[in-house]
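Engineer: Sharing a structure below in C-alpha cells format, with a few things to ask.
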Amino acid sequence: MSEQLADRAAALDAADELAGCRKLFALDDATVYLDGNSLGALPAHVPDRVADVVRREWGELRIRSWDESGWWTAPERIGDRIAPLIGARAGQVVVGDSTSVNVFKAVVAAVRLADPSRTEIVVDATTFPTDGYIAESAARMTGKRIVPVDPEELTGAVGPATAAALVNHVDYRTGRLHDLPSLTAAIHRAGALAVWDLCHSAGALPVGLDEHRVDLAVGCTYKYLNGGPGSPAYLYVAERHQGAFDSPLPGWTSHADPFAMTPGYRPADGAVRGRVGTPDILSMLALEAALDVWDGVSPAAVRAKSLALTDFFLQCVESYVPPGRVECLTPREHARRGSQIALRCEDAPRVMSALIEKGVVGDLRRPDVLRFGFTPLYVSFADAERAARVLSATLH
C-alpha cells in the first residue's frame with residue numbers, strides 16, 4: 001500500500017499547477033513542514049529585501065525614506081495587496097498593529113456603529129483565547145454583555161439585543177470552517193454587525209468579504225501569508241462603514257492632518273482611520289516582500305489544492321496508522337474544512353516531539369491534539385504521504 005500511495009503522491013505532484021511555488025521558499029527536503037498555520041515558511045527573496053531596507057533605506061536615506069521609500073504609505077499599500085486574497089476591493093484594508101489590537105478596534109467600532117439600545121456582543125465560544133479576552137474587555141468598555149455561542153448555533157442566538165458578533169472563520173484547534181456567507185446573513189437579519197477573524201483562512205481559501213457584505217474583519221499575516229514572526233496584522237473596514245468608523249484608538253497617524261499636531265482629533269477618510277501609531281517598518285516591508293509569492297496565484301487554485309492535500313493525507317493516515325490510534329477532529333466535508341488536519345491522539349506531546357525529531361514538523365494543542373497545517377504554496381503530496389508514514393511508524 002505504501003508504494004501505491006507514494007506513486008499516487010508523485011502523480012499528484014506532477015499535475016500540481018502550484019508545484020512551482022515551492023522553489024520560492026527557503027525549504028529543504030529533509031523536513032516536512034506542516035506548521036504554516038502557525039508560522040509560514042520564509043520566502044527566499046525576503047532576506048535580501050530586508051537587508052536593503054536596513055542598509056540603504058534606513059542606513060543611507062534615513063528619515064528621507066518616509067517619503068522617498070514609501071514608508072508612510074506602506075499600511076495602505078500593503079493592505080491593497082492583501083485585499084484580493086480576502087475578496088476585498090482596494091481602499092478597505094489597512095496593515096498595522098497586532099491581531100489582538102485590531103480585534104479590539106473592530107469590536108468596539110462595530111458596537112459604536114450599532115443601535116445604542118442593543119446590549120449584547122456575541123462571541124465565538126470556540127475562539128482563540130485572545131479574541132475572547134479582547135471581546136470581554138470591549139464589552140466592559142462599551143457597557144455591553146458578552147454572549148458566548150458555538151458558531152453552529154449562532155443563527156438562533158443573534159437577535160434584537162445583538163450589537164455585533166465576533167466569529168472565527170476557521171477554528172484554530174479543529175480546522176472546522178464556519179459558513180461565513182450564511183452566518184453573516186443571519187447576523188445582518190438580526191440587525192447586528194459581523195466581525196470576522198480570518199487568521200486561519202486568509203491565504204488558504206477564498207473569503208469573499210465584499211461579496212458577502214462582511215462589516216469588519218481582522219487577520220494575521222504570519223501564517224498562510226508568510227509575513228514572518230510577529231508580522232503586522234490587518235484590519236478590513238467595509239467602504240460603506242468608513243465614514244462612521246469610530247476607532248477606540250485614535251492615534252496620530254489616522255488623523256486627517258497628522259503633521260499638523262493639533263490637540264483635537266479629526267479622523268482621516270477611508271481605511272486610514274484604522275491606523276494608530278508609527279508603522280513598524282522593518283516587519284511591514286518584510287511582509288510586503290513576502291506577498292510577492294502570491295503574484296499570479298488565485299485563491300481558488302489554493303483552495304483546490306488544500307482540499308486535495310488534506311483528502312490525500314487523511315487517506316494515507318487511514319491506510320498507515322493502526323486503527324483506533326488517532327481520531328480526526330477536522331470535518332471530512334469540504335464545505336466545513338479549513339486547511340489543517342487535527343488528530344486526537346493519546347500521549348500527543350510525546351508523539352509530536354518524536355515526529356519533529358524525525359523531520360515532520362506539526363504542532364500540539366494540549367492536551368491531546370496533533371495539528372498539521374497544509375500550506376498549498378509549498379506543501380507537496382509527497383510531504384503528506386511521508387508525514388502519514390512517519391506518524392504511523394511513531395505510533396507503532
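The values are calculated or read from the model by the stated rules, or taken from the named source; none is laboratory data. Keep in mind that this is a model prediction, so the values were computed, not measured. Every residue, glycine as well, gets a Cβ built from its backbone with ideal geometry; the counts of neighbours run over all protein chains shown. Surface areas here come from the heavy atoms of the whole protein model, side chains and all, with no ligands, DNA or RNA. Shrake-Rupley method; radii C 1.70, N 1.55, O 1.52, S 1.80 Å.
Engineer: Under 20 °C and 1.002 mPa s, how fast does the range 1-139 diffuse according to Stokes-Einstein, given a Kirkwood radius computed over C-alpha pairs? Answer in µm²/s, whole number.
Structural biologist: For these conditions, the coefficient is 107 µm²/s.
Engineer: Follow-up. Under 8 Å for C-alpha pairs, at least 6 residues apart: give me the relative contact order for the chain, rounded to a whole percent.
Structural biologist: In percent, rounded to a whole number, it is 23.
Engineer: Averaged across orientations, what area in nm² does the convex hull of the alpha carbons in the chain project?
Structural biologist: Value for the chain: 19.9 nm².
Engineer: Taking the Cβ-Cβ separation of residue 28 and residue 365 as r and a Förster radius of 45 Å, what is the calculated FRET efficiency to the nearest 0.05?
Structural biologist: The calculated FRET efficiency here is 0.95.
Engineer: May I ask you to compute the full-extension gain from residue 347 to residue 239, defined as 0.36 nm times their residue separation minus their alpha-carbon distance, rounded to one decimal in nm?
Structural biologist: That works out to 34.0 nm of additional length.
Engineer: Ok, one more. In deg cm²/dmol and to the nearest 500, what is the mean residue ellipticity at 222 nm of the chain if only DSSP H runs of at least 4 residues count, each as -39500 (n - 2.57), divided by the residue total?
Structural biologist: -10000 deg cm²/dmol
Engineer: Also: If I compute solvent accessible area with a 1.4 Å probe over the protein chains, what percent of it on the range 247-303 is carbon and sulfur?
Structural biologist: Percent of accessible area from carbon and sulfur atoms in the range 247-303: 60.
Engineer: Can I ask one more? Suppose each label sits 7 Å from its Cα in the direction of the beta carbon; what would the residue 17-residue 213 distance come out to in nanometres?
Structural biologist: It works out to 3.1 nm between the two label points.
Engineer: I've got another one for you. In what sequence, highest mean first, do 123-132, 59-68 appear when ranked by Cβ atoms within 10 angstrom?
Structural biologist: Packing order, densest peptide first, comes out as 123-132, 59-68.
Engineer: Just need the relative contact order of the range 234-314 here, percent rounded to a whole number, with Cα pairs under 8 Å and 6+ apart.
Structural biologist: 26
Engineer: By per-residue mean of other Cβ atoms within 10 Å, what is the highest-first order of 231-244, 250-263, 316-329?
Structural biologist: Per-residue Cβ counts within 10 Å, averaged per peptide and sorted highest first, yield 231-244, 316-329, 250-263.
Engineer: Hey, rough spin-label estimate for residue 44 and residue 354, points 7 angstrom out along Cα→Cβ, what's it come to in nanometres?
Structural biologist: 3.5
Engineer: Work out the FRET efficiency for residue 150 and residue 325 from their Cβ-Cβ distance, taking R0 = 25 Å, and round it to the nearest 0.05.
Structural biologist: The calculated FRET efficiency here is 0.35.
Engineer: Rounded to the nearest 0.05, what FRET efficiency do residue 261 and residue 72 give with R0 = 22 Å and r taken as the Cβ-Cβ distance? Could you check?
Structural biologist: E(calc), rounded to 0.05, equals 0.90.
Engineer: Per residue, how much accessible area does the chain have with a 1.4 Å probe, in Å²?
Structural biologist: On a per-residue basis, the chain sits at 41 Å².
Engineer: What number does the range 321-393 give for Rg over Rh if you use C-alpha atoms and the Kirkwood radius?
Structural biologist: So for the range 321-393, dividing Rg by the Kirkwood Rh gives 0.94.
Engineer: Here's a follow-up. How big is the charge dipole of the chain about its Cα centre, in debye rounded to the nearest 20, if each Lys and Arg gets +1 on its Cβ and each Asp and Glu gets -1 on its Cβ?
Structural biologist: 640
Engineer: Moving to a separate point now. Using packing as a proxy for protection, rank 308-315, 161-168 so that the peptide with the highest average count of other Cβ atoms within 10 Å comes first.
Structural biologist: The densest-packed peptide leads the list: 161-168, 308-315.
Engineer: Sequence gap at least 6, Cα distance under 8 Å: using those rules, report the relative contact order of the range 281-396 to the nearest whole percent.
Structural biologist: 31
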